[in-house]
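Colleague: I have a structure I would like to understand better, so I am pasting it below and will then ask my questions one at a time.
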Amino acid sequence: MANPLTALTLEQLRTRTSAKWRHFPADVLPLWVAEMDVPLAEPIVRAVCDAIVRGDTGYPTDGTYAEAMAAFAAKRWDWQFDPAACASVADVMRGIVEVLGLITSAGDAVVINSPVYTPFYRFLEYIDRRVIEAPLGADHRIDPHALERALAAAAAGGGRSALLLCSPHNPTGTVHTREELLTAGALAASHGARVVVDEIHAPIVYSDAVHVPYLSLPGNEGAFVLLSASKAWNLAGMKAAVAVAGELAAAELAQMPDVVRHGQTHIGVIAHVAALRDGEAWLDGLLVALEANRRLLGELLAAQLPHVGYHAPQGTYLAWLDCRALGLGEDPSVAFLERGRVAVNSGPSFGTGGAGHVRLNLATSPAILSEAVARMAAAAGA
Ligand SMILES: Cc1ncc(COP(=O)(O)O)c(C=O)c1O
C-alpha cells in the first residue's frame, strides 16, 4: 500500500482549513495538534460521499457505532464487549466529562498522570473537579508510589474520587503494560477511586508494544473506557465516540442522559464505522509509515539536536522531546516557533513534568519532518 504520509504535498496540505493548518501563519510548519497529514482512507471517502449523495444526513441510529467498535476490538485486541453496555457520545472529551459526571460530583478529586493531554486539565476545571497529579516516572511509566500518594490525597477529602488514565499515554507515547494497568486498577480500588480510561490512541501502537484494553483485565469490571476512530483515521472533525462500561458499571452508564447521546453526528458515525469495518488495511499501512517516521526522528535528532532527550513513542504519533539541555527555558516551543517557524506543543501545558519539553506530531511526511528538525536545530543554535 502507498505511504499515506507522502501522498500530499505541503502546498496541498496548506489548503486545509482545520486548526492545524490555520492557527499559525503560512510560513510555520505545523507539527502540533493531533491531526495527520494524510488523505482519508478510501472506504471512508466512499461511505461519506455516498451518504451525501443519498441525502443520508439525518439522526444516527443508536448502537451502530458501538457494534462496529465491538467488532473491531474483538478482531484487533481479542477483547469482547457488549455493545448494549455502551453510550454514544459526541467525542472522547465529552464522554470523559459525562462519565465523570455519573460517578463523581463537583469538588471531588480526579487523579491524572502528568505530563498528560492538556485538555484534561481544562475540562476537569470546567466541571469543577479537583485535579491531583500522579507524575509519571523519568522512564515515562506510571509510578505506583506517586499514584498511591495521589489516590490517598484524592480520598482524603471524603468525597468520591476517580482515576483518569490515558492509554496509550499522550504525550509520552507510553503503552501501559498488563501489569501496570493491573497495579493501577488495584491501587484505585484500594482507595475507593473509580477508573475512567481514555483509549483514543489504542489503534496506534507499534511493533514493540501491545495495547491492553483496560476492560479486558480481571478486576476492572467497574471501570469505563472511551473509544473513537478519530485519531487513527484522522476523523476529529467527524464527531463520534463511544463510552464502554465494564460489567459492574453498565447500570450507571445506562443513566447517561439523552441530551448527551444526542451529540453524536450521523455523518460522523458513517465515517467512523467505515474506518472500523473497512479501514484496517489502511491503518496497518499507516502504522508502517509512522514507525519509519519514529525511527527517522531519532536519527535526525541524534545528528542535529543530540542533546534532546527522545524515547521513541510505543504508541500514538506524538513525540515527547526533552529539550532541557538546550537552554531554551521553561517553554522551548516559543523559540522553535519564533526563531524556527515550527509549531510544536508547549511542554508546560501538559502539567508537572512538562517544563523544558515540547510535543511534536510526527504524522507528517519524512520531508516535512526533516525540514522541521533542521529548523529547530537552527533555532536552538545547534
Ligand atoms: C488522549 C486524548 N484524548 C482525547 C482527545 C480528543 O478527542 P476528541 O476529539 O474525541 O474529544 C485527544 C486528541 O488528540 C487525545 O490525544
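The values are calculated or read from the model by the stated rules, or taken from the named source; none is laboratory data. Note that the structure is a prediction, hence the values are computed from the model and not measured. Using ideal geometry, Cβ is built from the backbone for each residue, glycine included, and neighbour counts are taken over all protein chains shown.
Colleague: Residue by residue through region 302-332, note down the ones that are under 18 Å from the mean Cα position of the chain (by Cα) and more than 16 Å from the ligand (Cβ to nearest atom).
Modeller: Hits for region 302-332 are 311, 312, 321.
Colleague: Right, next: Which of the residues spanning region 39-57 are surrounded by fewer than 22 Cβ atoms within 10 Å (Cβ to Cβ) and either modelled with pLDDT under 95 or in a loop (DSSP other than H, G, I, E, B) (or both)?
Modeller: 39, 40, 55, 56, 57 - these are the residues of region 39-57 that are surrounded by fewer than 22 Cβ atoms within 10 Å (Cβ to Cβ) and either modelled with pLDDT under 95 or in a loop (DSSP other than H, G, I, E, B) (or both).
Colleague: If you don't mind, another one. For residue 259, work out the one condition from (1) without any contact (Cβ under 8 Å) to a residue 40 or more places away in the chain; (2) aliphatic (A, V, I, L, M); (3) within 25 Å of residue 159 (Cα to Cα) it doesn't fulfil.
Modeller: (3)
Colleague: Which numbered condition in (1) of a type outside the set (Val, Ile, Thr); (2) closer than 25 Å to residue 12 by Cβ; (3) more than 16 Å from the ligand (Cβ to nearest atom); (4) assigned to a helix (DSSP H, G or I) is the only one that residue 271 fails?
Modeller: Going through (1) of a type outside the set (Val, Ile, Thr); (2) closer than 25 Å to residue 12 by Cβ; (3) more than 16 Å from the ligand (Cβ to nearest atom); (4) assigned to a helix (DSSP H, G or I) one by one, residue 271 breaks only (3).
Colleague: Kindly provide the set of residues from region 163-210 that are within 14 Å of the ligand (Cβ to nearest atom), closer than 19 Å to residue 148 by Cβ and assigned to a loop (DSSP other than H, G, I, E, B), ordered by number.
Modeller: 167, 169, 174, 176
Colleague: Could you list all residues from region 333-356 that are over 18 Å from the mean Cα position of the chain (by Cα) and assigned to a strand (DSSP E or B)?
Modeller: Result: 342, 343.
Colleague: Also, quick follow-up: Taking region 307-332, which residues are of a type in the set (D, E, K, R) and assigned to a helix (DSSP H, G or I)?
Modeller: Matches in region 307-332: 324 only.
Colleague: Given the options 245, 250, name the one that is touching a residue at least 60 places away in the same chain (Cβ under 8 Å), more than 16 Å from the ligand (Cβ to nearest atom), crowded, with 23+ Cβ neighbours inside 10 Å and small (Gly, Ala, Ser).
Modeller: The unique qualifying residue is 245.
Colleague: Then there's this: Filter region 92-109 down to residues that are in contact (Cβ under 8 Å) with a residue 40 or more places away in the chain and more than 18 Å from residue 245 (Cβ to Cβ) and give me whichever is surrounded by the most Cβ atoms within 10 Å (Cβ to Cβ).
Modeller: 109
Colleague: Identify the residue in region 119-149 that is more than 20 Å from residue 309 (Cβ to Cβ) and either modelled with pLDDT under 95 or part of a loop (DSSP other than H, G, I, E, B) (or both) and, among all such residues, is nearest to the ligand (Cβ to nearest atom).
Modeller: 127
Colleague: Can you pull out the residues in region 211-239 that are of a type in the set (S, T, N, Q), within 12 Å of the ligand (Cβ to nearest atom) and not in a loop (DSSP other than H, G, I, E, B)?
Modeller: Answer for region 211-239, where residues must be of a type in the set (S, T, N, Q), within 12 Å of the ligand (Cβ to nearest atom) and not in a loop (DSSP other than H, G, I, E, B): there is none.
Colleague: Is at least one residue of region 87-94 within 16 Å of the ligand (Cβ to nearest atom), part of a loop (DSSP other than H, G, I, E, B) and at pLDDT 95 or above?
Modeller: So far as region 87-94 goes, yes, one or more of its residues are within 16 Å of the ligand (Cβ to nearest atom), part of a loop (DSSP other than H, G, I, E, B) and at pLDDT 95 or above.
Colleague: Which of the numbered conditions does residue 35 fail, given that it passes all the others? Conditions: (1) more than 15 Å from the ligand (Cβ to nearest atom); (2) outside any helix (DSSP H, G or I); (3) within 30 Å of residue 285 (Cα to Cα).
Modeller: Against the list (1) more than 15 Å from the ligand (Cβ to nearest atom); (2) outside any helix (DSSP H, G or I); (3) within 30 Å of residue 285 (Cα to Cα), residue 35 comes up short only on (1).
Colleague: Would you mind finding the one in 280, 291, 299 that is over 20 Å from the mean Cα position of the chain (by Cα), more than 16 Å from the ligand (Cβ to nearest atom) and among the charged types (D, E, K, R)?
Modeller: 299
Colleague: Quick check on this structure: which one of 288, 373 is part of a helix (DSSP H, G or I) and crowded, with 20+ Cβ neighbours inside 10 Å?
Modeller: Result: 373 is the single residue among 288, 373 that is part of a helix (DSSP H, G or I) and crowded, with 20+ Cβ neighbours inside 10 Å.
Colleague: Still on this structure, please answer the following. Of the conditions (1) assigned to a loop (DSSP other than H, G, I, E, B); (2) within 16 Å of the ligand (Cβ to nearest atom); (3) farther than 25 Å from residue 262 by Cα, residue 60 clears all except one; give me its number.
Modeller: Residue 60 satisfies all of (1) assigned to a loop (DSSP other than H, G, I, E, B); (2) within 16 Å of the ligand (Cβ to nearest atom); (3) farther than 25 Å from residue 262 by Cα except (3).
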